[in-house]
């Protein structure tokens, strides 16, 4: 009887281990699907809606995102019109119309909530970009969650909602202080033509360039 029970326990343990291994293999396959989708791209354009909630603020903005490898992105806001965030590969630039200063910060020091999308600008490997990554899949697509490496002191969790084809359509960031920022991407165009000037920031007349961190 005891031998039979031990045999049953061993079979159960084996089944649990095999199930866990299968889930891990499935998760790796889903992560690779996203990696493969973006690694074949050279550029991307999309409309975005951004919502920030925290510190007594609830704000929704929108505009057009342009990405180009290696290491370039431009967020051109239409609400509010003229607001811009440009990453030219070396520096990130931030400007809001009406301000008398534009912010500049080295790309390597960037700690902005848009910066997790930089992993799409090189050789994407989500498993290395996100700590404690988990992957689930349902009828709405793939859901990937983790903490961006290097942003552990600010971000509690980053969640990516991904289509069955591996394209990111929604991104949510939860900060340690309780604030949340969400981006929804629509009208996505892949491998679009771009110009060097798309990723060049020229300050308006009279606007001073200062080194520092971007506003919320």
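Values in this text are rule-based calculations from the coordinates and carry no lab data. Fair warning: this is a prediction, and the values are worked out from it, not measured in the lab. Cβ sites come from the backbone with ideal geometry, for glycine too, and all protein chains shown count toward neighbours.
Residue separation times 0.36 nm, minus the C-alpha to C-alpha distance between residue 163 and residue 190: what's the value?
Details: separation 27, 0.36 × 27 = 9.72 nm, distance 1.47 nm.
Going from the current span to full extension adds 8.2 nm.
Between residue 49 and residue 64, with labels modelled 7 Å along Cα→Cβ, what's the label distance in nm to one decimal, could you check?
Taking the simple label geometry, residue 49 and residue 64 are separated by 1.9 nm.
At a Förster distance of 35 Å, what's the computed FRET efficiency of residue 101 paired with residue 125, Cβ-Cβ distance as r, to 0.05? Before the final figure, lay out the partial values.
Working: r = 37 Å, r/R0 = 1.05.
The formula returns an efficiency of 0.45 here.
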